[in-house]
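The block underneath contains the structure these notes are about, expressed in structure tokens.
Where a number appears in this text, it was derived from the coordinates with a stated rule and is not lab data. This structure is a prediction, so every number in the text was calculated from the model and none was measured. Heads up, the Cβs are rebuilt from the backbone with ideal geometry, glycines too, and the neighbour counts pull from every protein chain shown.
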Amino acid sequence: MGVPTIKTGPMTVEEFYAFTDKRPDNEKWELIDGEPILNASPSHLHQIILKNLIVILSAIERREPQSWEAIPGVGVRVSETSLPEPDVLIVPAGAIQQQPLSRQTHSAVATFEILSPSTEQRDLQWKRAAYSGLASLRYYVVIAQDAAEVVVFAREESFRERRFRSVAATIELPSLAIILPLSEIYRDTGLA
């Protein structure tokens with residue numbers, strides 16, 4: 001029989017799924033450079049901003065057919081050992097329907113993160129670098145929850161940072177025909 005080997009290297013996405021399948025459904029895990037990371041429960045304010053973002057993007061989708069669809073809660077496979085899960089992501093229309101039971105995508109077109117104190121550095125540094133390495137990604141949008149402030153990183157601008165600090169501002173993602181007023185993102189938060 002011999003001595004069993006113990007794997008000491010980074011966890012793969014497949015091993016991560018085997019691990020998270022045994023965890024409670026209310027836990028949100030991400031795989032970052034082979035390490036499973038448990039995220040803190042989101043705040044009420046985080047969830048209001050998330051709801052607002054989903055409502056805005058859904059309204060755009062329903063107004064007229066789009067080449068994309070917005071969805072929450074799906075991991076973005078950026079490597080064999082990294083599977084971050086943005087708060088909301090945009091994928092090409094029909095991409096998820098082709099694999100309805102899949103928990104991941106390789107084809108994110110835009111990702112949205114709502115900053116939390118526990119994930120702020122990872123969201124602004126590691127995820128920015130990881131997402132910008134995806135050939136399909138056009139936009140990475142980071143939304144603050146303690147102030148009306150949004151940062152957009154766009155491929156057409158070499159992922160250079162653009163900051164919006166006024167609720168009167170409007171974010172445009174031109175290649176997706178998306179316009180996001182900060183006043184709507186921050187509706188009912190007390191920040192607008």
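Descriptive notes on the structure:
- From helices alone, the chain scores -5500 deg cm²/dmol at 222 nm; the rule is -39500 (n - 2.57) for each run of n ≥ 4 DSSP H residues, then divide by the residue total.
- Shape box of the stretch 19-111 [Cα atoms, principal axes, largest first, Å]: 40, 32, 20
- Spin-label model, LYS22 to SER41: label points 7 Å out along the Cα-to-beta-carbon direction sit 2.5 nm apart.
- Structure-derived mean projected area of the Cα convex hull in nm² - corresponding label in (1) 9.5; (2) 12.5; (3) 13.0: (2)
- For the stretch 48-95: span of alpha carbons on each principal axis (Å, largest first): 38, 27, 9
- Cα-based reach from LYS22 at 16 Å (exclusive), listing aspartates and glutamates while leaving out same-chain residues under 8 positions away: GLU14, GLU30
- Here the Karplus relation 6.51 cos²θ - 1.76 cosθ + 1.60, evaluated at θ = phi - 60°, turns the backbone of the stretch 72-78 into coupling constants of x, x, 10, x, 10, 7, 9 Hz, with x for every Gly and Pro.
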